[in-house]
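Any read-out appearing in this document is the output of simple, stated calculations on the displayed coordinates, not a laboratory observation. As the structure is a prediction and not an experimental result, all values here were calculated from the model. Cβ coordinates were reconstructed from backbone atoms using ideal geometry, including for glycine residues, and neighbour counts include every protein chain displayed.
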Amino acid sequence: MSPATSRPTAAAALAGVLRTQVLDGHLAPGTPLREEALATEHGLSRHTVRSALQQLAGERLAEAAPFRGVRVASLDDDAVRSLQDLRRAVESEAVRLLVARHGRAWPEAVTDVLAEHLASLERSAGGEGDRLAVLSDHAAFHHALVAAAGSARLTEVSAGLSAEVRLFTAHLRLHLEPAGLVAEHRAYLDDVRLRGPAAVHEHLAASQEALLTGR
């Protein structure tokens, strides 16, 4: 394999390591991510490190600013509100499409997929997984709800939010026990089928408020 083809793999691997460190709190918000130090620590070129940091910045897990370099994203109050506004727009529209097409009688294939995501979240929250698995399973449930609407564009936007949603939940976890997260999302799915987009708005508004007021 040529160096040109191996670089993306090395960059992706480093991005994965740094992503985990951000989500598990090992790298605190605002921590500088210095190319030279990371290159030395991981035995990689600065070009590879730069590519990895660009991936994290694209996921909004890192922020690049002139004269300050790259730092772990802080997810401040404005960023929280902006993220939740976008999530509300995407998820509520997906639910509107689902309700418009099927009412409360969603296709079995849709309910089976969402039930499996809830079961996976329950396993992670119950100790069979770990905290990072809880973050991933929570984000995957919300993404699956959007994807169920069958809109390629909504699904694409939702997929692009996955890492930032995990970061949001990593901050929120301080105010919500994993078991509570499972129960909340089982109730949320029932509420979405009953009340449609209004349930989405209430659910995401509640998690936003919990994070902003709990800081």
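Helix 77-102 and the long axis of the chain differ in direction by around 40°, with both axes built from C-alpha atoms.
Can you tell me the FRET efficiency between residue 89 and residue 40 if r is taken as the Cβ-Cβ distance and R0 is 35 Å, rounded to the nearest 0.05?
Efficiency computed from Cβ-Cβ geometry: 0.25.
Around residue 104, with a cut-off of 12 angstrom between Cβ atoms, what is the net charge of the other residues, counting Lys and Arg +1 and Asp and Glu -1? Net of charged neighbours comes to +1. For region 52-178, the direction-averaged projected area of the alpha-carbon convex hull comes to 9.2 nm². Annotation: peptides 151-162, 65-76, ranked by per-residue average of other Cβ atoms within 10 Å with the highest first, follow the order 151-162, 65-76.
Give the angle, between 0 and 90 degrees and rounded to the nearest 10, that separates the Cα long axis of helix 131-147 from the longest principal axis of the Cα atoms of the chain. So the helix axis and the longest Cα principal axis differ by about 60 degrees. Counted by Cβ distance under 15 Å from residue 34, the other residues give a net charge of 0, where Lys and Arg count +1 and Asp and Glu count -1.
In terms of Cα atoms, the Rg and Dmax of region 10-72 work out to 10.4, 27 Å. For helix 162-172, what angle does its Cα long axis make with the longest principal axis of the chain, in degrees from 0 to 90 and rounded to 10? The angle comes out near 80 degrees. Fully extending the segment from residue 50 to residue 28, taken as 0.36 nm per residue of separation minus the present Cα-Cα distance, adds 6.0 nm. Could you list, bin by bin from short to long, the percent of Cα-Cα pairs of the chain in 5 Å steps? Result returned by the calculation: 1, 7, 14, 17, 17, 15, 12, 8, 5, 3, 1, 0. Computing FRET efficiency as 1/(1 + (r/R0)^6) for residue 153 and residue 202, where r is the C-beta to C-beta distance and R0 is 35 Å, gives about 0.90.
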